[in-house]
Amino acid sequence: MKNKISDLRDHMFSALERLSNEDLDPEQIEKEIQRAMAISEVGKVIVASAKTEVDFMRLTRKKTSDFIPEESTAKFLENSNAVEKPKYDLKSNGQTE
């Protein structure tokens with residue numbers, strides 16, 4: 001997969017830098033605002049997807065995925081306190097607590 005979560009961060013910071021350009025005229029500013037809003041909306045979907053993927057990685061103890069590289073997750077997953085106890089126990093068909 002070509003894109004990583006770090007690419008999203010780069011796009012968002014680029015949009016922020018364009019918005020802070022004081023040489024833009026009002027029409028250009030409006031165009032950058034619309035572009036930044038679009039990037040933000042798409043970014044929200046990507047982040048929600050990444051959160052779901054991280055939850056899956058926690059539950060399966062996978063250390064990598066196509067979207068989130070191992071160097072980003074290995075240290076986090078090594079910490080046993082980072083893995084939350086499931087709120088629902090599938091084996092007993094009921095709550096764990």
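Please treat every number below as a calculation from the coordinates, not as lab data. For clarity, every value in this text was computed on a predicted model and none was experimentally measured.
Taking a ≥ b ≥ c as the square roots of the eigenvalues of the Cα gyration tensor of the range 1-40, is the shape rounded (a/c under 1.5), prolate (a/b larger than b/c) or oblate? Provide the component values of the computation, followed by the final result.
Values: a/c = 3.81, a/b = 2.32, b/c = 1.64.
Judged from the Cα gyration tensor, the range 1-40 comes out prolate (a/c at least 1.5, a/b above b/c).
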Practice prompt. For K62 and L8, compute 0.36 nm times the residue count separating them, minus their Cα-Cα distance, and round to one decimal in nm.
Written response: 17.2 nm
Worksheet item: So who's got an amide H within less than 5 Å of the one on S65, skipping anything under 5 residues away but keeping other chains? H placed 1.01 Å off N, in plane.
Response: E70
